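S.K.: Sharing a structure here in structure tokens format.
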Amino acid sequence: MDHFLYREGRLHAEDVALAEIAASVGTPFYVYSTATLQRHYRLFEEALTGMDHLICFALKASSNLAVIRTLANLGAGADVVSLGEYLKAKAAGVPGDRIVFSGVGKTKDEMRAALEGGIRQFNVESEPELLALNEVALSLGKRAPITVRVNPDVDAKTHEKIATGKKENKFGIPISRARAVYAEAAALKGIEVVGIDVHIGSQLTDLAPFAEAYGKVAELTEVLRADGHNIHRLDLGGGLGIPYERSNTAPPLPIEYGAVIRDKLGHLGCEIEIEPGRLIAGNAGIMVSRVIYVKSGEERDFLILDAAMNDLVRPSMYGAHHDILPLDEPQPGTLPQPYDVVGPVCETGDTFARQRPLPPMVAGDLVAFRSAGAYGAVMASEYNTRPLIPEVLVKGDQFAVIRERPTYDEMIKRDSIPSWL
Ligand code: LLP
């Protein structure tokens with residue numbers, strides 16, 4: 001459930017009519033609902049009740065300071081994969097001891113900054129990284145708390161570009177090598193082993209791969225404890241999927257996911273960490289865009305919008321589906337007609353949807369792309385020298401711009417012309 005609903009025929013974010021935001025900030029823009037962010041966070045809290053746990057919001061899904069602060073105020077930690085994300089988490093008010101650092105390519109500079117600024121743990125993904133971290137920690141006179149990310153060789157049954165838990169993927173170390181790597185870690189003076197990490201992929205719509213992976217983590221916990229390691233924390237990654245197509249998908253609920261965790265790992269007495277991104281932010285955000293032209297082609301009608309693939313890249317990058325809603329609720333009995341919904345960018349890939357049934361539209365109409373709160377704004381670019389679109393946060397009947405649209409002047413000033421030109 002989210003808080004984007006029609007009221008008196010107009011699509012609202014909580015108590016604010018989206019058309020009002022459009023009139024105030026211009027289109028296109030992203031808008032997030034505070035109540036939905038909070039609700040989704042609390043669903044995970046409920047799902048893990050009774051187990052010692054920390055919910056680390058994956059900043060890669062949405063890294064606006066206001067979004068992070070909304071969650072941090074509820075007690076959320078952060079899962080970060082770059083120094084930029086680390087600094088944003090801190091700037092939004094997440095204390096270092098609630099930040100976990102993931103990612104296959106952490107640099108020594110990033111390690112140093114996190115060790116100095118405070119960090120809960122590094123999720124180490126390779127032996128060379130382990131050695132680098134040891135060196136950095138020793139140079140600072142510190143011990144770096146770590147988990148090792150194990151790759152359980154489980155098929156997450158999701159889009160190939162976002163599956164991470166198969167042995168051919170670049171992530172983690174093969175679970176078969178775990179004992180050797182933990183032994184190596186235990187011998188390093190700059191390293192403190194605290195637990196195990198696993199993340200098998202994103203947009204999972206089936207619990208079975210989680211159950212399989214977590215079962216393997218449970219076995220590994222026993223084995224590593226028997227080897228003398230102090231495994232007291234299990235980071236289970238993110239990945240729970242959301243219903244992008246409301247009409248025909250119903251992924252598992254957080255409460256069901258929590259039951260899998262309890263069932264597979266509850267007996268171990270470990271602190272549980274999870275790193276959800278999409279489920280918290282995805283359906284808490286939409287992108288609003290205006291129809292520039294309706295173009296009748298020979299075979300099909302095109303809805304040409306002022307938003308493009310650079311603003312929301314998921315459809316062209318992954319073939320992802322986003323529900324599209326008109327801001328004005330269609331009158332009962334209105335017959336939908338199929339449109340190819342496209343942006344103004346000069347390539348055919350700039351297509352949001354083909355033959356999508358929508359009520360008849362005219363230039364100037366406003367539409368909303370649902371489920372755009374995760375991996376939307378964060379993946380945007382300025383391709384075609386189009387300014388990054390603003391982000392807005394709604395809370396009840398209030399709204400605020402939480403990232404401004406840059407001016408063309410600002411964009412142009414970022415380049416510089418060398419003296420020889
Ligand atoms: N933890 C780790 C280590 C991850 O790699 C990811 C996502 C997450 C947590 C959060 O997963 P989530 O709960 O959001 O599924 N750009 C793609 C998604 C890439 C996900 C990458 N890793 C998309 O738009 O679908």
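The values are calculated or read from the model by the stated rules, or taken from the named source; none is laboratory data. No experiment lies behind these values; they were computed from the predicted model shown. Quick reminder, even Gly has a Cβ in these numbers, built from the backbone with ideal geometry, and neighbours come from all protein chains shown. Areas reflect the complete protein model, heavy atoms only, side chains present, ligands, DNA and RNA absent. Shrake-Rupley method; radii C 1.70, N 1.55, O 1.52, S 1.80 Å.
S.K.: Order the following by accessible area, largest value first: ILE402, ILE68. Probe radius 1.4 Å; ligands, DNA and RNA are ignored.
M.R.: Working: ILE402 40, ILE68 5 Å².
Ranked list, largest accessible area first: ILE402, ILE68.
S.K.: Continuing with this model, one more query. Please calculate how many Å² of accessible area segment 103-274 carries per residue, with a 1.4 Å probe and no DNA, RNA or ligand atoms counted. List each step's numbers first, then the result.
M.R.: On the way: 7080 Å² over 172 residues.
Averaged over the residues of segment 103-274, the accessible area is 41 Å².
S.K.: Give me the percent relative contact order of the chain, please, defined on Cα pairs under 8 angstrom at least 6 residues apart.
M.R.: On the way: 945 pairs, mean separation 82.7, N = 421.
Value for the chain: 20 percent.
S.K.: Further, regarding this structure: Probe of 1.4 angstrom, ligands and nucleic acids ignored: what's the accessible area per residue over segment 349-419, in square angstrom?
M.R.: On the way: 3830 Å² over 71 residues.
That works out to 54 Å² for each residue.
S.K.: Need the list of aspartates and glutamates near LYS88 for cross-linking: C-alpha distance under 18 angstrom, and skip anything on the same chain fewer than eight residues off.
M.R.: Reachable aspartates and glutamates: ASP79, ASP97, ASP109, GLU110, GLU116, GLU275, GLU391, GLU404.
S.K.: To continue, here is another question. Nearest-5 percent of antiparallel DSSP beta bridges in segment 190-325?
M.R.: Values: 5 of 12 bridges.
Percent antiparallel among DSSP bridges in segment 190-325 is about 40.
S.K.: Show GLU212, GLU160, GLU245, GLU273 ordered by accessible area, largest first, where the area counts protein heavy atoms only and the probe is 1.4 Å.
M.R.: Values: GLU212 95, GLU160 155, GLU245 65, GLU273 0 Å².
Descending order: GLU160, GLU212, GLU245, GLU273.
S.K.: Can you check what the net charge comes to around LEU366, using other residues whose Cβ is under 9 Å from the Cβ of LEU366 (Lys, Arg +1; Asp, Glu -1)?
M.R.: My count for the surroundings of LEU366 gives -1.
S.K.: What percent does the relative contact order of segment 103-274 come to when contacts are Cα pairs within less than 8 Å and at least six residues apart? Could the numbers behind the result be given before it?
M.R.: Values: 309 pairs, mean separation 34.4, N = 172.
Relative CO of segment 103-274 lands at 20 percent.
S.K.: What percentage of the solvent-accessible surface of the chain, computed with a 1.4 Å probe over protein heavy atoms, is contributed by carbon and sulfur atoms?
M.R.: Numbers: 9330 of 17940 Å².
Looking at the chain in its full context, I get 52 percent from C and S.
S.K.: For a quick check of your reading of the filter: which trypsin sites (Lys or Arg not before Pro) in segment 338-421 sit in a DSSP loop and have no more than 16 other Cβ atoms within 10 Å?
M.R.: Here the trypsin sites (Lys or Arg not before Pro) that fit, given the DSSP loop and packing criteria, are ARG414.
S.K.: Can you spot the lysines whose alpha carbon is less than 24 Å from LYS167's alpha carbon? Ignore those fewer than 8 places along the same chain.
M.R.: Reachable lysines: LYS60, LYS106, LYS157, LYS216, LYS264.
S.K.: Only sites in a loop by DSSP and with at most 12 other Cβ atoms within 10 Å count here; which trypsin sites (Lys or Arg not before Pro) in segment 178-233 make the cut?
M.R.: Working: sites: ARG179, LYS189, LYS216, ARG225, ARG233; in loops: LYS189.
When the trypsin sites (Lys or Arg not before Pro) of segment 178-233 are filtered for loop state and at most 12 Cβ neighbours within 10 Å, LYS189 remain.
S.K.: GLU184 accessible area, nearest 10 Å², 1.4 Å probe?
M.R.: Here the accessible area works out near 50 Å².
S.K.: Please report the net charge: other residues with Cβ closer than 14 Å to the Cβ of ASP301, K and R +1, D and E -1. Before the final figure, lay out the partial values.
M.R.: Working: positive: LYS295, ARG300, ARG354, ARG356; negative: GLU298, GLU299, ASP340, ASP365.
Cβ neighbours under 14 Å give a net charge of 0.
S.K.: For segment 1-94, which GluC sites (Glu not before Pro) are in a loop by DSSP, counting at most 14 other Cβ atoms within 10 Å? Intermediate values should be presented prior to the final figure.
M.R.: On the way: sites: GLU8, GLU14, GLU20, GLU45, GLU46, GLU85; in loops: GLU8, GLU14.
Loop-located and lightly packed - GLU8.
S.K.: A further question follows. Kindly provide the helix-only [θ] at 222 nm of the chain, computed as the sum of -39,500 (n - 2.57) over DSSP H runs of four or more divided by all residues, to the nearest 500 deg cm²/dmol? Could the numbers behind the result be given before it?
M.R.: Numbers: 12 runs with 118 residues, N = 421.
Taking each H run of at least 4 residues, the total per residue is -8000 deg cm²/dmol.
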